[in-house]
Each structure stands twice: as C-alpha cells, then as structure tokens.
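Read the figures in this text as sums done on the coordinates, not as results from a lab. These numbers were taken from a predicted model, which means no experiment stands behind them. Neighbour counts are summed over all protein chains in view; Cβ atoms, including those assigned to glycine, are modelled from backbone coordinates with ideal geometry.
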Amino acid sequence: MMMLAGVISGLLGIGAGAMKVIAMDNIMRVPFKVSTTTSNFMIGVTATAGAFIYLQNGYIQPALCMPVMIGVLLGAIGGSKILLQSNTAKLRFGFSIFILMVALDMIYKGVTGQI
C-alpha cells in the first residue's frame, strides 16, 4: 500500500504523506490518529536520511537549521498533546478539506497549464 501511495504521489507531484494517510485509513483500516502519526514518522525518517546526505556535501548550514529544529520539536510536543484530546471526526473533516484543496489546486494548474 505504501509503495502504491508513493508511486501515485510521485505521478501527481504531491507529497506522499497525504496519500499514505488515505491508504492506511481507508484501505488498511488503521485508526485515523494512528495513520496520521505513522505517516509523519515515515516522512521524518526519510527526511533525516536525506538531511545527512545534504549535510555531508555542505548544502546545509547548521546554524540556519537550528530555529527549524526547535520549531519542529515544539510543534511535535504540542501536536501530540493536542492529538490526544482531539475529536477524530473533526480531524478527518479537516484532512478531507485539505485533500480537496490539493485536488482543486492540481486541477487549476492542469487547466491553466502551470504544471
């Protein structure tokens, strides 16, 4: 399922996280909160592997990355506390709105030739 989600997202030119959440939630029947956090974890592992390559080649300045790292850490801690108390139906609705916006943007860019 994850390979198919990756292939589809690559063909569509969007991040794989959205497709992975849909695959885990609808096809694999993983609870929604678990599928969103699992998708986030998988993206983090991939980003970490890529970051080491960029860091070794000198493409990343560690001093510039520190504010981003602090923001990610604070966001992850705050988000995990909020997630525990969140209503799953509202989260699913918000995610559906996000996917709808991505789809509309893709349609707009396809019609106007901005691909």
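Quick check on region 1-58: what are the equivalent-ellipsoid semi-axes from the Cα gyration tensor, as sqrt(5λ), descending, whole Å?
Values: eigenvalues 118, 38, 10 Å².
So the equivalent ellipsoid measures 24, 14, 7 Å along its semi-axes.
Grab the Cα-Cα distance for SER9 and MET101, subtract it from 0.36 nm times how many residues apart they are, and report the gain in nm with one decimal.
On the way: separation 92, 0.36 × 92 = 33.12 nm, distance 1.53 nm.
Extending this stretch completely gives an extra 31.6 nm.
Once every DSSP H run of n ≥ 4 in the chain is given -39500 (n - 2.57) and the sum is divided by its residues, what mean residue ellipticity at 222 nm do you get, rounded to the nearest 500 deg cm²/dmol?
Values: 5 runs with 92 residues, N = 115.
About -27000 deg cm²/dmol.
What net charge do the residues around ILE22 carry, taking every other residue with its C-beta under 14 Å from that of ILE22, with Lys and Arg at +1 and Asp and Glu at -1? Don't skip to the end; give the middle numbers.
Details: positive: LYS20, ARG29, ARG92; negative: ASP25.
Around ILE22, the charge tally is +2.
Identify, among ASN40, LEU73, MET28, the residue whose Cα sits farthest towards the positive end of the charge dipole of the chain, taking +1 on the Cβ of Lys and Arg and -1 on the Cβ of Asp and Glu, with the dipole about the Cα centre.
About the Cα centre, the residue reaching furthest to the positive side is MET28.
Report the extension gain between MET28 and MET1 in nm, rounded to one decimal, defined as 0.36 nm multiplied by the number of residues separating them, less their alpha carbon distance.
In short, 8.9 nm is gained.
How high is the relative contact order of the chain, in percent, counting Cα pairs under 8 Å that sit 6 or more residues apart? It would help to have the intermediate numbers written out before the result.
Numbers: 39 pairs, mean separation 19.5, N = 115.
With pairs under 8 Å counted, the relative contact order is 17 percent.
Rounded to whole Hz and in sequence order, give me ³J(HN,Hα) for region 95-108 from the Karplus expression 6.51 cos²θ - 1.76 cosθ + 1.60, θ = phi - 60°, writing x for Gly and Pro.
Once θ is set to phi - 60°, the couplings for region 95-108 become 5, 4, 4, 4, 5, 4, 5, 5, 5, 5, 5, 5, 5, 4 Hz.
Where q = 0.11, 0.13 Å⁻¹, what log10 of I(q)/I(0) comes from the Debye formula for the chain, counting one point per Cα?
Log-scaled intensity ratios, in q order: -0.48, -0.67.
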